[in-house]
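Each reported figure results from applying straightforward, stated rules to the coordinates on display, with no laboratory input. All values reported here derive from a predicted model rather than from experimental measurement. Cβ placement follows ideal geometry from the backbone for every residue including glycine, while neighbour counts extend to all protein chains displayed.
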Amino acid sequence: MEQRNTERGDIQAALRRLPSVDLVLQSAQACEPMARFGRAAMIDAARQALATLREAVKAGAPPLSANAVAERAVALLETAARSTLSPLFNLTGTVLHTNLGRAALAEAAIEAASIVMREAVALEFDLATGKRGERDVHLRDLVCELTGAEDATIVNNNAAAVLLVLNSLALGKDAIVSRGELIEIGGAFRMPDIMTRAGARLVEVGTTNRTHPRDYADAINDQTGLVLKVHTSNYRIEGFTREVDAAELAVIAKEKGVPLVNDLGSGTLTDLTAFGLSHEPTVREAVAEGADIVTFSGDKLLGGPQGGFIVGRRDLLARINKNPMKRALRVDKIRLAALEATLKLYRDPERLAERLPTMRFLSRKTDEIRALAERLSAAIRPMLGPDFDVGAVHCQSQIGSGALPLSTIASAGLTIAPKDGSGSALASLAAALRRLPMPVIGRVERGALILDLRCLEDEERFIANLSSLSAEMGRPADDADR
Ligand SMILES: *Cc1c(COP(=O)(O)O)cnc(C)c1O
């Protein structure tokens with residue numbers, strides 16, 4: 001009993017020795033952070049640090065000085081100040097990784113975006129007349145020049161483009177689509193759901209593997225709003241198949257007098273074979289094949305910011321532009337400026353690979369990536385210690401975002417595997433890499449972590465970033481959640 005009382009007395013004494021919030025704020029350690037984060041934030045953090053410490057002292061921990069509490073408060077502020085959108089190294093081998101933000105923008109696009117961010121611009125203002133202008137004028141001519149289309153508009157993304165087209169041209173009407181093209185792409189974008197939400201009646205034709213011209217022709221009647229062709233972005237149907245290609249479908253649609261909409265998904269503005277890749281239909285080809293409307297993304301193969309393009313017949317674009325939903329789907333000046341600068345790079349295809357990161361990554365020579373892998377594996381081996389095997393390997397990159405889903409590009413990277421084959425050691429390594437100041441994201445393949453180096457350009461930054469790796473690998477797993 002007496003001993004308990006003494007203990008309680010000790011704790012009371014320890015609690016009394018804790019510094020006040022004021023003392024913490026006046027400590028030397030608090031001075032510079034106070035200027036950086038502001039007084040109010042510093043007070044909050046000091047209170048929080050003291051509350052945590054008070055609980056620890058009650059459990060028997062020793063009290064801390066004002067300086068030490070200030071240090072803890074500053075650590076809290078620094079953690080809170082870290083953005084969850086900080087840059088990372090995408091070494092997954094998927095160049096256009098939707099979950100990692102897709103395309104890295106060209107310098108020209110970044111510059112154009114930052115200029116309009118700072119200033120007022122004639123976004124919807126006609127400088128010649130001084131009257132209200134139109135948001136689409138800034139890109140329309142350029143998009144038409146690059147695609148051969150009559151008219152164009154830009155919305156939030158390609159999903160929005162598809163939604164707006166369906167709602168404008170097939171509200172309360174039939175939208176005819178092949179059963180082989182009723183795709184689901186990532187993030188719950190399912191073609192049938194989008195069509196329903198757009199107010200169109202989905203009319204499925206053909207079967208999963210075979211759709212014939214007469215399937216479309218038989219389905220078209222006076223209830224038809226449009227015929228939709230969808231790029232099967234993330235899969236291929238192979239074997240006993242029949243697909244009605246866009247040119248064939250255009251003839252049928254024209255004969256029956258209904259618009260043909262071709263959702264290209266990624267879409268590209270340039271011939272990818274010039275960059276050593278397989279052929280992917282270009283927007284110009286899709287327009288020339290006779291589609292009345294073509295939709296495609298801004299941040300897939302095009303390599304720009306998020307955006308959705310709708311190009312095609314002027315009379316149909318006029319109906320689309322009149323849809324009140326367009327206002328809800330429009331793009332702001334920042335993305336318009338970045339898109340314009342990105343599109344302009346396509347006027348000079350010879351220098352595209354140099355200027356547009358997406359094309360630069362995709363066309364990077366395997367030998368160059370392999371040499372980088374050899375250099376980095378020598379540099380990294382000593383950092384990982386004796387428990388891991390590190391080497392350079394050949395691997396396969398993919399474009400991502402539904403472009404050329406089955407074709408991969410020969411690449412090279414690092415393979416890192418625990419010598420004892422332990423799955424938990426591999427998972428801890430991957431987690432430690434994700435905790436680095438600039439997180440490193442790879443992929444696990446057959447018991448090894450593969451870091452595909454196709455998208456790694458700044459070798460020095462990568463190595464410097466690894467300097468805290470051994471400390472991160474020493475941290476216990478639950479301490480890791482921050
Ligand atoms: C990717 C894709 C979309 C959606 O495009 P976002 O720009 O991601 O909105 C729509 N249709 C197809 C066929 C696609 O591949």
Before anything else, pin down the relative contact order of segment 107-355: Cα pairs under 8 Å, at least 6 apart, normalised by residue count, whole percent.
27
Among 234-240, 377-383, 288-294, 209-215, how do they line up by average Cβ neighbours within 10 Å per residue, starting with the highest?
288-294, 209-215, 377-383, 234-240
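Once you keep just the Cα pairs under 8 angstrom separated by 6 or more residues, what percentage relative contact order results for segment 2-81?
Details: 74 pairs, mean separation 33.5, N = 80.
Once divided by the residue count of segment 2-81, the mean separation gives 42 percent.
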Segment 127-264: relative contact order in percent, alpha carbon pairs under 8 Å with at least 6 residues between:
22
Rounded to the nearest Å, what's the spacing between the alpha carbon centres of segment 312-344 and segment 358-383? Just the number, please.
39
So which lysines pass the test for K300, namely a Cα distance under 28 Å, with those fewer than 8 places away in the same chain ruled out?
K229, K322, K326, K333, K344, K365
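Using a ≥ b ≥ c from the Cα gyration tensor of the chain (square roots of the eigenvalues), is it rounded, prolate or oblate, where a/c under 1.5 gives rounded and otherwise the larger of a/b and b/c decides, a/b for prolate?
Numbers: a/c = 2.26, a/b = 1.79, b/c = 1.26.
Verdict is prolate for the chain.
List the DSSP H helices in the chain whose Cα atoms stretch 20 Å or more along the helix axis and whose mean Kyte-Doolittle hydropathy is at least 0.0. Write out the running numbers ahead of the final one.
On the way: long enough: 2-16 (21 Å, -1.58); 39-58 (28 Å, 0.11); 66-81 (22 Å, 0.81); 366-384 (26 Å, 0.13).
Span-like helices in the chain: 39-58, 66-81, 366-384.
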